[in-house]
Amino acid sequence: MIATPHHPLKMPWSLLQILRARWLNLSLAFWLGCAALVGVARTYPELDLAVSRLFYTPDTGFTLKGSPWEQGLYRSIPILTLMINLGLIALWWFNRRTGRRWLGLDGRRLAFLLALLILVPGLLVNQTLKTHWGRARPINVIAFGGDQPYTPAFVISVQQGKSFSSGHVAAAAYLMVVAATLAGRRSFWFGMALLYTLAVGAARIVAGGHFLSDVLTSILLVWMGQGVLRTIFLVDWPDESPKVSDAN
């Protein structure tokens, strides 16, 4: 009888494949984006002011604040987030009861999405950064008619402001992850979610609610969060190429 050879490195190698496929490779653009964002923000702290100044008129303020499209985007976020998550729960319940797999939504994918929403837009952005970072909003800084000093990006402030980072943009970026999970990153729905996220970010900037770095930080935080949580929940996206197993 021929003994079957043992492969002591099989499990560690499988784990390495998971980490490489789901985290390191996925996050290359994220890490490059983070490095670029932090580097530019620290080297050119006036960039945030320059972008916000494009939408500010002395003695008038941020003239696009309160416009129908700005208010529509601002108010749409909580409504869309609630409706989509209720829809996800309803679809999961339907699939579970009928044995179907519409949009591939099972308990693991639902848990992944809800965990992402709670941990990143909810806990990290809204309850931690916005509450404790202290950066004043553009509309409140001296350069734009307010009474608080400007604080560069990624510098903790005592101004007790809630500019860093954007909760609305984080929630919109979460919808991008929902679209990618159900339809894939190459889908029409992901493209629409991306455009929506950028539109929400633009609306927050033109209204003086957030700086450009606040918007970009929220998008990157959500992307980092989905990368970490997809590793934990072992969630694939529909248009990801199947991983090649190490058969040799």
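The values are calculated or read from the model by the stated rules, or taken from the named source; none is laboratory data. Please read these numbers as outputs of a predicted model, since none were measured by experiment. For neighbour counting, all protein chains shown are included, and Cβ atoms are generated from backbone atoms with ideal geometry for every residue, glycine included. Quick note on the areas: whole protein, heavy atoms, side chains included, nothing else; ligands and nucleic acids left out. Shrake-Rupley method; radii C 1.70, N 1.55, O 1.52, S 1.80 Å.
Rundown of residues vs (1) touching a Lys or Arg at 6+ places or on another chain (Cβ under 9 Å); (2) in a loop (DSSP other than H, G, I, E, B), yes/no style:
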position	(1), (2)
93	no, no
117	no, no
121	no, no
125	no, no
130	yes, no
139	yes, no
146	yes, yes
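The conditions of being modelled with pLDDT of 95 or more, open to solvent by less than 90 Å² (accessible area, probe 1.4 Å) and on the phi < 0 side of the Ramachandran plot are not met by residue 86. Residues that are aliphatic (A, V, I, L, M) and modelled with pLDDT under 95 are absent from the range 188-208. Annotation note: of 202, 171, the sole residue that is open to solvent by 30 Å² or more (accessible area, probe 1.4 Å) and of a type in the set (A, V, I, L, M) is 202. Among residues of the range 174-199 being crowded, with 22+ Cβ neighbours inside 10 Å and aromatic (Phe, Trp, Tyr), the one that is nearest to residue 81 (Cα to Cα) is 174. Test residue 138 against the stated conditions and say whether it is open to solvent by less than 10 Å² (accessible area, probe 1.4 Å), farther than 23 Å from residue 55 by Cβ and in contact with a helix residue (DSSP H, G or I) (Cβ under 6 Å, 6 or more places away or on another chain). So residue 138 fails the test. Taking first residues from the range 210-227 that are closer than 8 Å to residue 169 by Cβ and partners that are open to solvent by 10 Å² or more (accessible area, probe 1.4 Å) and of a type outside the set (Phe, Trp, Tyr), the Cβ contacts under 6 Å between residues at least 6 apart in sequence or on separate chains come to 210/204.
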